[in-house]
1. Select from the stretch 231-253 the residues that are free of Cβ contacts under 8 Å to residues at least 40 places away in the same chain and out of contact with any strand residue (DSSP E or B) (no Cβ under 9 Å at 6 or more places or on another chain) and write down the one among them that is farthest from Ala285 (Cα to Cα).
2. Applying the selection to the stretch 282-304, what residues are surrounded by 18 or more Cβ atoms within 10 Å (Cβ to Cβ), in contact with a helix residue (DSSP H, G or I) (Cβ under 9 Å, 6 or more places away or on another chain) and not in a loop (DSSP other than H, G, I, E, B)?
3. Which one of these is buried (at least 18 other Cβ atoms within 10 Å of the Cβ) and assigned by TED's automatic domain parsing to the domain that holds His209: Ser185, Ser180?
4. Against the condition outside any helix (DSSP H, G or I), among the aliphatic types (A, V, I, L, M) and modelled with pLDDT under 95, how does Leu336 come out, does it pass?
5. Residues that are in contact with a strand residue (DSSP E or B) (Cβ under 7 Å, 6 or more places away or on another chain), in the same structural domain as Tyr132 (by TED's automatic domain parsing) and within 25 Å of Phe330 (Cβ to Cβ): list the helices (runs of 4 or more DSSP H) wholly contained in the stretch 1-100 that include at least 2 such residues.
6. Could you please give the count of residues in the stretch 171-196 that are part of a helix (DSSP H, G or I) and at pLDDT 75 or above?
7. Do we find that Arg208 is in contact (Cβ under 8 Å) with a residue 60 or more places away in the chain, in the same structural domain as Leu284 (by TED's automatic domain parsing) and not in a loop (DSSP other than H, G, I, E, B) in this structure?
8. Does the stretch 107-121 include one or more residues that are in contact with a strand residue (DSSP E or B) (Cβ under 9 Å, 6 or more places away or on another chain) and in contact (Cβ under 8 Å) with a residue 40 or more places away in the chain?
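The values are calculated or read from the model by the stated rules, or taken from the named source; none is laboratory data. Source: prediction; values computed, not measured. When we count neighbours, we look across all protein chains shown, and the Cβ atoms used for this are built from the backbone with ideal geometry, even at glycine.
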Amino acid sequence: MIKASIIGASGYTGGELLRLLIAHPKVEIVQATSRQKLGEYLYQTHPNFRKQTTLKFSDPAELIPTDVLFLALPHGQAQHNIAKYAAVAEHIIDLSADFRLRDADLYQQWYGEPHAAPDWLDKFVYGLPELYRDELKTAKYVSGVGCNATAVNLGLLPLVNTGLLETNLPIIAELKVGSSEGGASVNSGSHHPERSQTIRTYAPYGHRHTAEVIQESGLADVTLTMTSVGLVRGALATVHGRVKDGVALKDLWKAYRLAASQNPFLRIVKERRGIYRVPEPKILAGSNYADLGFDLNPKTGHVISICAIDNLMKGASGSAVQSMNLMLGFEETLGLEFMGLHPI
């Protein structure tokens, strides 16, 4: 059994980490911190933990040594205390955006301020196992992944890895996302009377997760357009591009089947009948799967790649636990076997 702690365990991603690690056969949670909830039982904030744990929220200023430390803090906080965290844990997984970008100048460009610990950026491995499985096996420090970047990067992965994509043309990704992407804190935009029954495009250009897609895909001209929809969990990326001359539908099948065969949480969804013919976030709630679909206009070469995920799982805490499994030598899928619910 390895000992794990979570800093910032009262938020949504912290709650998902707790849910996964409480049931993980190789993990004992020794500390879960929250200043606001200090001294309260975990289940008073996360009611699904009733009869699952009697652990209470502790003070983040009083950290105890642990094998792996998860940082589920708001963006911008972990970088100011990373040396302190490294002193109490051999392995760190930071779910925020603080260590996702390897270039300090790129971080300042997209996040609007200088990075507080630029010397640490190249110590972190980007925590998406589908891209960095081998590197994660020897990593000590792992960055989190942006949920929207994850959906786009996984949607692009079969096309990029097999060289089918025309890389000098624009890539446009339209994302529909649920309200949990806004976190547990409330603002006027997430207030239920203002958000209910809306389909609201809130970032036509310039979403920060664009930087991760550019960094990880190697594509220079990428646009993410963000639209909130009436879901709590879920992100659906519809990615538009163009394939190289001569690429046919059979080539796409081969590329997507290869990606699915190499990655335990990637599935192809391209059915000829039934309700769920293409990827849909609804059936992925609570699971670590990413469902991939695709189509091609053979006359123009216009390709559409679709990726559906649970943003709190594959887009955050699920990938973090999957990365932990690889870091610590466990079976990659351990503790992540939940298949989602239907109906929901």
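1. The selected residue is Gly246.
2. Answer for the stretch 282-304, where residues must be surrounded by 18 or more Cβ atoms within 10 Å (Cβ to Cβ), in contact with a helix residue (DSSP H, G or I) (Cβ under 9 Å, 6 or more places away or on another chain) and not in a loop (DSSP other than H, G, I, E, B): Leu284, Ala290, Asp291, Leu292, Gly293, Phe294, Leu296, Val303.
3. Ser180
4. Considered against the rule, which asks whether it is outside any helix (DSSP H, G or I), among the aliphatic types (A, V, I, L, M) and modelled with pLDDT under 95, Leu336 comes out as no.
5. Correct list: 12-22, 82-86.
6. 7
7. Against the criterion (in contact (Cβ under 8 Å) with a residue 60 or more places away in the chain, in the same structural domain as Leu284 (by TED's automatic domain parsing) and not in a loop (DSSP other than H, G, I, E, B)), Arg208 does not qualify.
8. Yes, because at least one residue in the stretch 107-121 is in contact with a strand residue (DSSP E or B) (Cβ under 9 Å, 6 or more places away or on another chain) and in contact (Cβ under 8 Å) with a residue 40 or more places away in the chain.
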